[in-house]
Amino acid sequence: MKVSTRSIAALGGIVAVSSLTLAGCSAGATDEDSTTDDAAMAGSITVWVDADRAGVMEEVAADFTATSGVEVELVQKEFGEIRDQFVQQVPTGEGPDIAVGAHDWLGVLVTNGVVAPVELGDTAGDFEDVALDAWAYDGQTYAVPYSIENIALVRNTDLVDEVATDYDDMLAKADAAGTEYQLLVGLDPEAADPYHLYPFQTSFGAPVFGTNADGSYNPDDLQLGNDGGVAFAEWLGEQGASGVLNTNITGDLALENFTSGAAPYFLTGPWNVPAIEEAGVSFAVDPIPSAGGQDAQPFAGVQGFFLSSESENPLAANEFLVNYIGSPDVQMALYEVGGRAPALTAAFDEVVASDPVVAGFGEVGANAVPMPSIPEMGSVWQFWGVTEGAIINGGDAPALWTQMADDVQAAIE
């Protein structure tokens, strides 16, 4: 296709209307660029998109229409409302052919029968492994992924000039810096934050679930209560007692203290980078140091575009997904408006080579694990954060953690 990154990025604004039919012509792909028999495609497809991606999708849709003759109706939605509306409307025939969303919706989408697998064909090998793993369910891929998001350790390079070798080394370097705080992690007063604490948990060998041979999560293999989980819980209590972890330091307070120079380290994601840059902090993005001796693996969140099981034009929809959303130009354009590492390896490598911040998050993300999207994960969230908060605030770590694992298992069963 001939949609260029430059032409897409030059779009001045985001589409302001809630529904826009795009049937105009643009510099489209040649016949050789298309892998689909155009004669087999006709009519139109509808795509639900959020405001942040609407401008990019306007150009992509126009190019697709010019090439295939298939009209694309873009319907702008609030991102947080897309999943539930998709589940409600697809069975009635009122939903879209394609929608944008997050991979942790997948369990709900699949169990409700509203999504269909996407046929990636030979292009499957062109994406980062973690991105495809995130959108896989029972051996099928259900989206074309476009971005990967994860947390990492952000370091104030004016306070500490070397990468820490492990968690204890990080604390020692923070002590030498002489700041008020050693490490800032935004937590909730009652429910802590399992998402941010998960890389430390995995470093003790305590994932949430075990995995099947294909890498998918096995809901029958809950790992939370293993020996590594208990060891992590004891460590968590120690961090609370020492004041390194404090449930009274929320995400906003953590950001405020880091940008004011009150700590050399901040465990956070790319969403806080603009504020850190605006504050004039010199920083680097480092790997998350291991506290338990094994790799500290955070959760990866992967966004993508998925296909309705009730699409009336699945051939055209799959073509739009694979050869347009999955193209380097479009992946780069979506990166430019979202600031998240692309899921397509060629685009990912291009960004990493030119942007040290994305490179830092990308290096950590390459070792990340997809946040479980299986329905059983809901039973985990119900007890996980509250238990972590109680342990940080002085509760009996082994007893609380073991009880949590038992409660989760009972809820799953």
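The values are calculated or read from the model by the stated rules, or taken from the named source; none is laboratory data. Being a predicted model, the structure only gives us computed values, none of them experimental. Because the Cβ atoms are built from the backbone with ideal geometry, glycine has one as well, and the counts that use them run over all protein chains shown.
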* Structure fact -> Considering residues that are over 16 Å from the mean Cα position of the chain (by Cα) and either on the phi < 0 side of the Ramachandran plot or not in a loop (DSSP other than H, G, I, E, B) (or both), the number found within segment 106-140 is 20
* Read through the list (1) modelled with pLDDT under 95; (2) in contact with a helix residue (DSSP H, G or I) (Cβ under 8 Å, 6 or more places away or on another chain); (3) of a type outside the set (Asp, Glu); (4) within 26 Å of residue 349 (Cα to Cα), then give the number of the only condition that residue 145 fails. => (1)
* Asked: Any idea which of (1) among the acidic types (Asp, Glu); (2) under 27 Å from residue 285 (Cα atoms); (3) touching a helix residue (DSSP H, G or I) at 6+ places or on another chain (Cβ under 6 Å) is the one residue 238 doesn't satisfy?
  -> (3)
* Structure fact -> If we ask which residues in segment 243-258 are closer than 20 Å to residue 157 by Cα and touching a helix residue (DSSP H, G or I) at 6+ places or on another chain (Cβ under 6 Å), their number turns out to be 1
* Cβ-Cβ below 7 Å, separation at least six or inter-chain, first residue in segment 390-413 and touching a residue at least 24 places away in the same chain (Cβ under 8 Å), second hydroxyl-bearing (Ser, Thr, Tyr) and buried (at least 22 other Cβ atoms within 10 Å of the Cβ): which pairs? -> 400/387; 401/387; 404/387
* Asked: Could we say that residue 327 is surrounded by 21 or more Cβ atoms within 10 Å (Cβ to Cβ), over 30 Å from residue 163 (Cβ atoms) and modelled with pLDDT under 95 here?
  -> no
* Structure fact -> How many residues of segment 48-75 are within 21 Å of the chain's Cα centre (by Cα) and either under 20 Å from residue 142 (Cβ atoms) or polar (S, T, N, Q) (or both)? The answer is 5
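Residue by residue, here is whether (1) within 19 Å of residue 164 (Cβ to Cβ); (2) more than 24 Å from the chain's Cα centre (by Cα); (3) of a type in the set (Phe, Trp, Tyr) holds:
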position	(1), (2), (3)
221	no, no, no
242	yes, yes, no
254	yes, no, no
266	yes, no, yes
* Structure fact -> In segment 259-280, anything buried (at least 19 other Cβ atoms within 10 Å of the Cβ), touching a residue at least 40 places away in the same chain (Cβ under 8 Å) and within 11 Å of residue 156 (Cα to Cα) is listed as 263, 264, 265, 266, 276
* Condition met for residue 255 (farther than 14 Å from residue 196 by Cβ and surrounded by 15 or more Cβ atoms within 10 Å (Cβ to Cβ)) -> no
* Residues of segment 274-310 satisfying the condition of being part of a loop (DSSP other than H, G, I, E, B) and among the polar types (S, T, N, Q) -> 282, 290, 294, 297, 309
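Results for (1) among the hydrophobic types (A, V, I, L, M, F, W, C); (2) farther than 19 Å from residue 360 by Cα, shown as yes or no for each residue.
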position: 282; (1), (2): no, no
position: 291; (1), (2): yes, yes
position: 299; (1), (2): yes, no
position: 306; (1), (2): yes, yes
position: 312; (1), (2): no, yes
position: 318; (1), (2): no, yes
position: 324; (1), (2): no, yes
position: 333; (1), (2): yes, yes
position: 338; (1), (2): no, no
